[in-house]
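A.B. asks: Okay, handing you the structure first.
Read-outs: derived from the displayed coordinates by stated rules, not from any lab. Everything numeric here is computed off the predicted structure, so don't read it as measured data. Here the Cβ positions follow ideal geometry from the backbone for every residue, glycine too, while neighbour counts run over all protein chains shown.
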Amino acid sequence: MADVGLYHWLSRSPQILWHSASREEDVGHYLPDERIYRLVMNLWHQSADEIEAYFYHWRALRPMHRLLHLVNDQPICEDLQSRGIPAIFVNQNCFLDESMFSIQPEIPKKHDAVYNARMAPFKRHHLLAEVAAPLIIGGIISYDDTQEYFDRVRTLLPQATFTHADAPRKQMNPFEVSKMLNSARVGICLSETEGTMFAATEYLLCGLPVVSTPSHGGRETWFEPRFSRIVPADPTAVAAAVRELVTIQFSPELIRNATIARMSEHRHRFTSAVQRILTHENSGRDFAREFYGKFRHKCGEWRANRDVMHYRPQ
């Protein structure tokens, strides 16, 4: 994989950088040993032991840096805090732009279920085998997606509709994805381990109830028993949960509003953490106002890690 990361400078004075962590390449290697506050987000599931090791690794390598871990999973966050590791419970999905994923009642519901997922084995598409006519969003987009796996999924799920059947490498913007999600009644999450799965929250923002298998990574943060079901990783159980949710007349607005309320809680913890840094550094700025005034989808952009200082505000 290329040496790229998801990052964004929140402040020049004091220096505050939000960035994704990496097990292999990390933006920290390109940062000088200066007083830089690093708000570190894990895009893939990491145990408390792994996050602790990362913290002490960088404390030794860049003694001037100040790390604060934004943790997707509350029990892991509490474990880290008990060990004295600076951490707050801020799930990365709170940085989705809710205006990009909305309820669109004018779109007909053509599919009982939709699965927005990369074409990689960890997404476990085979668990949709007993779901009638699902919509599959996803193609050969990421570095480890493969045509071989895509072909295998299409063979395993002959009843499915594939958005990328004729153009496996086409890109879809969030607004196009939102329209596709609105053509279904239930959102699906099937991986056992990954990050928080942006699609899990995108379903909810579009007013869809969700069926998920048990998972590591933090996506369950967004699921409420009222409109989600967590079932065993079994095709029969997945299909039964889809049928159940399809029969319930959910209010899409209820699902969306509850999700936005939860996103707001996580954003508040995030902005409060940054505000504490600014206050400690005797800055008179109001970070919450800055954050919402310059809000960006997913909080940052994928860029070459080596260019991190180039993007630092002047």
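A.B. asks: Relative to the longest principal Cα axis of the chain, at what angle does helix 235-247 sit, 0 to 90 degrees, rounded to 10?
C.D. replies: 80
A.B. asks: For Rg/Rh (Cα atoms, Kirkwood Rh), one of [x] 1.09; [y] 0.98; [z] 1.05 was computed from the structure I shared and the rest are decoys. Which label?
C.D. replies: [y]
A.B. asks: Along the charge dipole of the chain, which of 113, 228, 308 sits closest to the positive end, that is, farthest toward it, with unit charges on the beta carbon of Lys, Arg, Asp and Glu (+1, +1, -1, -1)?
C.D. replies: 308
A.B. asks: Return the long-range amide H neighbours of residue 228 (sequence gap of 5 or more, or a different chain), with a cut-off of under 5 Å between placed amide H atoms.
C.D. replies: Those qualifying (amide H under 5 Å, at least 5 residues apart or on another chain) are 210.
A.B. asks: By count of other Cβ within 10 Å, fewest leading, how are 172, 309, 197 ordered?
C.D. replies: The order, fewest Cβ neighbours first, is 309, 172, 197.
A.B. asks: May I pose another question? If you place +1 on the Cβ of every Lys and Arg, -1 on the Cβ of every Asp and Glu, and leave all else neutral, what size is the dipole of the chain about its Cα centre, to the nearest 20 Debye?
C.D. replies: Once rounded to the nearest 20, the dipole reads 700 debye.
A.B. asks: Would you mind calculating the gained length between residue 244 and residue 133 on full extension (0.36 nm times residue separation, minus the Cα-Cα distance), in nm to one decimal?
C.D. replies: Working: separation 111, 0.36 × 111 = 39.96 nm, distance 1.56 nm.
Roughly 38.4 nm would be gained on extension.
A.B. asks: Which residues does the label zone of residue 24 cover in region 181-217, counting backbone N under 20 Å from a point 7 Å along Cα→Cβ?
C.D. replies: Only 193-196 pass the distance filter.
A.B. asks: Follow-up. Testing the spin-label approximation: label points 7 Å from Cα along Cα→Cβ at residue 78 and residue 193. State their distance in nm.
C.D. replies: 2.3
A.B. asks: Next question, about the same structure. Mind checking which of 259, 156, 74 is farthest towards the positive end of the chain's charge dipole, using Cβ charges of +1 (Lys, Arg) and -1 (Asp, Glu) about the Cα centre?
C.D. replies: Towards the positive end, the residue furthest out is 259.
A.B. asks: Going Cα to Cα from residue 109, which aspartates and glutamates come in below 20 Å? Please leave out same-chain ones fewer than 8 positions away.
C.D. replies: 130, 176, 202, 244, 253
A.B. asks: Is it possible to state the helix-based mean residue ellipticity at 222 nm for the chain, with each DSSP H run of 4+ residues giving -39500 (n - 2.57), the sum divided by total residues, to the nearest 500 deg cm²/dmol? What is it?
C.D. replies: So the helix-based figure for the chain works out to -9500 deg cm²/dmol.
A.B. asks: Angle, helix 147-156 long axis vs. longest principal axis of the chain, Cα atoms, 0 to 90°, nearest 10?
C.D. replies: Its long axis makes an angle of about 40 degrees.
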